[in-house]
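Working notes, beginning with the structure itself.
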Amino acid sequence: MHWADVIAKEVAETCEHPLIATGISPTGIIHVGSLREAITGESIRSAVASKGKDVRLIYLIDSFDPLRKRYEFLPEEYEKYVGMPICMIPCPCGKHKNYAHHFIQPFLDAVDSLEVHCEIVWTHELYANGDFAKWIDLALTKRADVIKILHEVTGKEEDPNYAPYNPLCPDCGRFCKPVFDSYEFPYLGYECKCGSHGKVDIRKMEGKLTWRLEWPAKWMIFGTSAEPFGKDHAAAGGSYDSGKRLVSEIFGGKAPYPIPYEFVQLKSGGQIVQMHKSLGSAVTGLDAIGMTPPEVLNYLFLRTLPSRTIDYDYGMGLLDMTDEYDRMEKAYFANEFTEAEENNVSAYVIAQHNHVPKQLPLQIPYRHLVNVVQMTKDFDGVLEVLGRTEDMSKATEEDLKRLKVRVDCIKFWLNGFAPENIKFSIQDSVPEGIELTDAEKAYFKALGDRLSTEDWNPDALNAAVTEVAKESIGNKSAFKAMYKILIGKNMGPRLGPFLASMDRQFVLDRLGQASQ
């Protein structure tokens with residue numbers, strides 16, 4: 001049984017109306033690792049839904065979190081906003097409501113392509129609506145108990161000045177120090193470093209619970225049944241351990257089923273690339289969605305246990321992953337797979353979010369599609385080229401829709417992420433500056449004569465290229481010469497399928513030109 005089904009079974013059996021929660025703090029650039037939480041949450045939601053349960057998935061955006069420092073990717077003027085809630089900081093590009101919207105909205109738009117069926121919840125709106133008021137009141141009135149619990153869970157010394165809630169200064173817009181002995185529901189006194197002092201109303205967006213209290217308060221607000229979260233929160237003495245105690249002993253509730261997950265490692269050329277939303281990343285979450293077919297991206301995260309690290313290789317590894325996905329799809333529909341492949345086939349099914357195709361979709365080898373995309377300018381051109389080597393007559397509307405998405409992903413990948421040795425363009429004529437020997441010219445003449453009557457398919461063309469080469473310049477020199485006159489490089493795609501994808505007359509004309 002796949003790990004998502006194991007969790008879904010537990011949730012479905014213990015909750016009448018399950019709610020899965022996940023979320024993010026959009027304080028900076030959202031990297032590819034952030035996708036793991038959203039996709040994991042959706043996999044549990046869809047697995048619970050498949051058991052006939054009325055289940056919801058909410059995506060909590062921690063828009064009331066403060067900007068902790070001016071990150072390198074921000075203009076110098078943002079230094080003055082450090083310490084302020086990100087929902088109250090201007091948008092860096094001027095096109096969004098605020099700082100939080102700037103970093104999260106494009107991500108949310110893109111995540112929709114992964115068919116993550118979630119309800120978006122902005123944390124600052126929960127504060128503004130008074131949803132946290134009851135739990136803030138309990139945290140303040142039971143502050144001594146909170147301090148004791150945190151001491152017992154974390155092992156740190158009890159801090160009598162610990163503030164479970166920090167007022168928001170109305171003058172400087174930053175979180176500040178509460179005056180505990182002034183508290184009388186719903187008002188709490190505050191003193192700010194800027195010199196301001198007064199009272200805030202905990203029923204309004206005038207202060208914020210600290211993270212260790214805010215998380216269990218969210219569980220209470222929504223009745224969370226299960227939640228995926230990073231391994232740092234699951235460490236001994238971490239925020240999940242304290243949350244279990246606080247939600248039970250302070251708020252009178254129950255902690256959700258924990259789904260801690262390992263982080264995602266970004267790889268390039270076999271090397272690990274570090275990434276963090278506060279530092280930026282070579283590949284953002286938006287980039288990953290842009291270059292990876294959505295069904296493949298879902299599969300990447302679902303084939304691996306949450307407790308294991310995932311490597312996201314945006315180079316040749318992306319092609320390997322897509323090929324693996326297609327193999328598992330074919331294995332599922334043929335119902336032929338080994339015991340070792342069973343988990344990956346299950347991951348393929350769950351990656352469809354309860355919308356498994358009725359029949360095996362059209363499959364075009366991904367590496368071949370990468371070549372085809374570079375041979376033409378638009379999707380109609382792609383279909384024309386594919387029609388020379390593939391049977392496209394049975395392609396359904398859904399097949400063409402998926403193919404179009406894959407073509408768009410390949411274009412995105414080629415524009416900045418693909419290795420240089422993968423990229424090429426078919427030249428309009430023999431490239432200028434290419435020097436050809438008399439032996440090469442004679443080879444092109446002989447090959448042109450052979451291909452004028454040859455069957456136009458990859459195997460026949462490959463055989464013709466090599467057989468003519470044996471009688472003259474040899475295979476290695478022949479392949480190198482062909483790539484030179486077609487794409488201006490010494491190497492390129494597999495030559496048989498490459499030639500078969502081209503128009504016969506185009507190839508014959510090029511050979512004729514090169515033989516002169």
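The values are calculated or read from the model by the stated rules, or taken from the named source; none is laboratory data. Nothing here was measured: the structure is a model prediction, and the numbers come from that model. In this analysis, Cβ positions are derived from the backbone assuming ideal geometry, glycine residues included, and neighbour counts consider all displayed protein chains. To get the accessible areas, we keep the full protein, side chains included, count just its heavy atoms, and leave off ligands, DNA and RNA. Shrake-Rupley method; radii C 1.70, N 1.55, O 1.52, S 1.80 Å.
Could you list, in sequence order, the residues of segment 390-410 that are surrounded by fewer than 16 Cβ atoms within 10 Å (Cβ to Cβ) and under 16 Å from Pro293 (Cβ atoms)? Correct list: Glu398, Leu400, Lys401, Lys404, Val405, Asp408. For the residues Met502, Met491, Met482, the requirement of being under 28 Å from Leu319 (Cβ atoms) and open to solvent by 30 Å² or more (accessible area, probe 1.4 Å) singles out Met491. Inclusion of Cys169 among residues that are buried (at least 16 other Cβ atoms within 10 Å of the Cβ) and free of Cβ contacts under 8 Å to residues at least 24 places away in the same chain is not warranted.
Cβ separations smaller than 6 Å between residues 6+ apart or across chains give the following pairs from segment 1-19 residues that are closer than 20 Å to Lys218 by Cβ to residues that are assigned to a helix (DSSP H, G or I): Ile7/Ile44; Val11/Val48; Pro18/Val11; Pro18/Val48; Leu19/Phe222. Residues in segment 75-114 that are under 24 Å from Glu206 (Cα atoms), crowded, with 20+ Cβ neighbours inside 10 Å and of a type in the set (A, V, I, L, M): Ile86, Ile89, Ala100, Ile104. Would you confirm whether any residue within segment 342-358 is within 26 Å of Lys423 (Cα to Cα), buried (at least 20 other Cβ atoms within 10 Å of the Cβ), in contact with a Ser or Thr (Cβ under 9 Å, 6 or more places away or on another chain) and not polar (S, T, N, Q)? No, segment 342-358 has no match at all.
The helices (runs of 4 or more DSSP H) found wholly in segment 231-331 and carrying at least 1 residues that are within 29 Å of Ile364 (Cβ to Cβ) occupy 285-291, 294-302.
Residues in segment 231-254 that are out of contact with any helix residue (DSSP H, G or I) (no Cβ under 7 Å at 6 or more places or on another chain) and more than 29 Å from Glu16 (Cβ to Cβ) were compared, and the one that is least open to solvent (accessible area, probe 1.4 Å) is Ala235. Applying the criterion of being of a type outside the set (D, E, K, R) and not in a helix (DSSP H, G or I) to the residues of segment 200-218, the residue that is farthest from Ser25 (Cα to Cα) is Val200. Picking from residues in segment 115-137 that are crowded, with 20+ Cβ neighbours inside 10 Å and out of contact with any Ser or Thr (no Cβ under 8 Å at 6 or more places or on another chain), the one that is farthest from Ile39 (Cα to Cα) is Ile136.
Against the test of being in a loop (DSSP other than H, G, I, E, B) and under 16 Å from Leu499 (Cβ atoms), the options Ile426, Ile434 yield a single qualifying residue, Ile426. When you look at Asp449, is it more than 30 Å from Met316 (Cβ to Cβ) and either open to solvent by 50 Å² or more (accessible area, probe 1.4 Å) or under 38 Å from the mean Cα position of the chain (by Cα) (or both), yes or no? The answer is yes for Asp449. In segment 340-368, the residues that are farther than 17 Å from Val405 by Cα reach residues that are in a loop (DSSP other than H, G, I, E, B) and aromatic (Phe, Trp, Tyr) with C-beta atoms within less than 6 angstrom, at least six apart or across chains, in these pairs: Val345/Phe337.
In segment 196-232, what residues are in contact (Cβ under 8 Å) with a residue 60 or more places away in the chain and among the β-branched types (Val, Ile, Thr)? Those that are in contact (Cβ under 8 Å) with a residue 60 or more places away in the chain and among the β-branched types (Val, Ile, Thr): Ile202, Ile221, Thr224. Just one residue in the set Gly23, Gly52 is in a strand (DSSP E or B) and open to solvent by 10 Å² or more (accessible area, probe 1.4 Å); that residue is Gly23. I'd like to know if segment 365-378 contains one or more residues that are over 26 Å from Glu420 (Cβ atoms) and assigned to a helix (DSSP H, G or I). No - not one qualifying residue is present in segment 365-378. Within segment 219-230, being open to solvent by less than 10 Å² (accessible area, probe 1.4 Å) and in a helix (DSSP H, G or I) holds for one residue alone: Trp219.
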